[in-house]
Amino acid sequence: MANSNKSSLAAVFDMIKLESNAVYLQKKFLDHRIYTVAILLLLIPLGFTEGLFDYKNQPTVEDELFHLRLYLFLLIIPAISVYKTKSFKITTIIITLTTAALAFHAVKAAEILGEEALHTVTTVAVFPFLIFFILISVSVYIQITFLVLAFLFVIYFKLAQSTSDVLHDTYFQIAFQYSLAALFVMLIFSWSYYRRFCLELALEKGSKTDPLTGVANRRHFDIVLKTEVNRNARSGSNCALILLDIDHFKRINDTYGHPTGDRVICCLADTCVTLSRQIDLVARLGGEEFAIILPNTKIEDAKNLAERIRLHVENIEVKSDSEEPVKWTISLGISAWHASQQTNQTKECSAEKMIQQADTALYEAKNSGRNNTVLYK
C-alpha cells in the first residue's frame, strides 16, 4: 500500500513538472487544438442566441446589446489563427488574449443589463467553465491563473459595487461554488491527460524496444538505419554499422539452460550500451544477434569500439542457475557507408547493403575462429 501511495504521489509531481514542459505542452496543444477552435466558433451563435433572451427580458437595451454582440464575430480571427499555427507558445498568447477580451465583453454586457439581470448571474456561473473550455489546450497553470483572476474580479469589483446584500451573497456563493467546480474539472482533466500521455509514451516505447534487453528492436533499427543513411547522403558524412553475434550460443542454452542464455544476452546488451555513445543505437535483431548504428563514424573508429566490446566480453562471466561461471565470446562484423558510395541505384538500398556487408564480415569472423572483429572490404 505504501508503494502504491508513493507511486501515485510521484505521478502527481511528475504531472506538475510536465505542465511546464515544452514538449508535453506542444503535444497537449496539438491533441486539443480542434476543440479550442470549435469552442471559439460555437461562442458566436451562442452569444446571439443569448441576445434573443436579452431582448425578450429587456427590449429597451436592444440596440446597444446588438452592437455589442456583433463583436463576437471577431472570434473567427483567433479560431483561424489557432487552427493554422503549430506552436503552442503562439497559441497560448492568442487564447489568453481572447479569453481576456471575452471577459471584457461579458463585463460590458453586464453593465448594460444591470446586476439583477439573468445574464449577469449566469455569466458569473458559466464563465469559470468557459475559461476551462477555451484554455483546454494550454497549461493548467494558465487555466488556474485565469480562474483566480475571474473570481477575484467578481469579489473585489462586482460585489463591492453591489447595492443589495442579497445580491452580494448570491454573487459570492455562485462565484465560489462554480469556480471551485471548474477548478476540480481542470485538475481532473489534467490528470486524465497526463495518464493518457504516459500510456502513449509506454506504447511508443514498447513498439521500439526489445522486451528482454530494453534496447531497440529490429523494426526500430531498420527505421533508424534508413534515416541515418539518408541524412548522411544529404550531409556527406560517414556512418558505420557493427553486427555482433554470441559464439556457440546454442551450446550455452543446451548446457546451462535458457534462463542463463537470457542473462548472457542481457549482459551483452548492457555492455554495448555502456561502451557506445549516446548518439549510437544499440539494437537486438533477434536471438543472440545485435547491431550498433554509429552516426558520423569512420570504419576505423567503429573497429575501435568493436574491439573494446569484444575484449570486455572476454573478461566478464555470467552465473548460471547453479552458480557456475559461464565464459563466452562474441564475433563482430563491420561495414561503413560514406558519401562517395551514393548513386541513384544505391541511395534506396544502401541501408540493406550495409547490413549485407556487415553480415558478410560477421560470417567471415565466425569462419576464421570466432572471437574476433572483421571489417568488410
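The values are calculated or read from the model by the stated rules, or taken from the named source; none is laboratory data. Keep in mind that this is a model prediction, so the values were computed, not measured. In this analysis, Cβ positions are derived from the backbone assuming ideal geometry, glycine residues included, and neighbour counts consider all displayed protein chains. Each accessible area value is taken on the protein alone, full model and side chains, heavy atoms only, with ligands, DNA and RNA left out. Shrake-Rupley method; radii C 1.70, N 1.55, O 1.52, S 1.80 Å.
Relative contact order for the chain: what percent, with Cα pairs under 8 Å and sequence separation of 6 or more? Could you put the intermediate results ahead of the total?
Details: 452 pairs, mean separation 48.5, N = 377.
About 13 percent, as a whole number.
If Lys and Arg each add +1 and Asp and Glu each add -1, what is the summed charge of the other residues whose beta carbon sits under 13 Å from the beta carbon of Leu241? List each step's numbers first, then the result.
Working: positive: Lys226, Lys298, Lys303, Lys353; negative: Asp222, Glu228, Asp280, Glu289, Asp301, Glu352, Asp359.
With Lys, Arg at +1 and Asp, Glu at -1, the neighbours total -3.
For the chain, with only Lys/Arg (+1) and Asp/Glu (-1) charged at the beta-carbon, what is the dipole magnitude about the Cα centre, in debye rounded to 20? Walk me through the numbers before you get to the answer.
Values: 37 positive and 38 negative charges, 221 e Å.
In total the dipole reaches around 1060 debye.
Got a number for carbon plus sulfur as a percent of the chain's accessible area, 1.4 Å probe?
Details: 12620 of 20670 Å².
The nonpolar share, carbon plus sulfur, comes to 61 percent.
What is the sum of charges, Lys and Arg at +1 and Asp and Glu at -1, for the other residues whose Cβ falls under 15 Å from the Cβ of Leu43?
Working: positive: Arg69; negative: Glu50.
So the environment of Leu43 carries a net charge of 0.
Please report the projected area of the chain's Cα convex hull averaged over all directions, in nm².
Values: hull surface 110.3 nm².
Across all orientations, the chain yields a mean hull projection of 27.6 nm².
Show which lysines lie in cross-link reach of Lys327 when reach means a straight Cα distance below 27 angstrom and same-chain residues fewer than eight apart are skipped.
Partners within reach: Lys250, Lys303, Lys319, Lys366.
Please give the calculated 222 nm ellipticity per residue for the chain, where each DSSP H segment of at least 4 residues contributes -39500 (n - 2.57) and the sum is spread over every residue; nearest 500 deg cm²/dmol? Walk me through the intermediate numbers first.
Details: 13 runs with 254 residues, N = 377.
Per the formula, -23000 deg cm²/dmol.
Send over a whole-number figure in Å² for the accessible area per residue of the range 180-223, probe 1.4 Å. Please report the intermediate quantities before stating the final value.
Working: 2660 Å² over 44 residues.
About 60 Å² of surface per residue is accessible.
Can you grab the distance from the C-alpha centre of the range 205-280 to the C-alpha centre of the range 182-201, Å, no decimals?
Taking the Cα centre of each part, the range 205-280 and the range 182-201 sit 35 Å apart.
Could you compute the net charge surrounding Phe221? Neighbours are other residues with a C-beta less than 14 Å from the C-beta of Phe221; K and R count +1, D and E count -1.
Residues close to Phe221 contribute a combined charge of -2.
Helix 218-235 versus the longest principal axis of the chain: what is the Cα-based angle in degrees, 0 to 90, to the nearest 10?
The answer is roughly 90 degrees.
Mind scanning Lys17/Lys86; Lys27/Lys108; Lys208/Lys377; Lys28/Lys84; Lys205/Lys226 and naming the pairs with a C-alpha gap bigger than 26 Å? It would help to have the intermediate numbers written out before the result.
Values: Lys17/Lys86 22 Å; Lys27/Lys108 36 Å; Lys208/Lys377 32 Å; Lys28/Lys84 16 Å; Lys205/Lys226 19 Å.
In this structure, Lys27/Lys108; Lys208/Lys377 exceed 26 Å between Cα atoms.
So how tilted is helix 2-18 from the main axis of the chain? Cα-based, degrees 0 to 90, rounded to 10.
Approximately 70 degrees, to the nearest ten.
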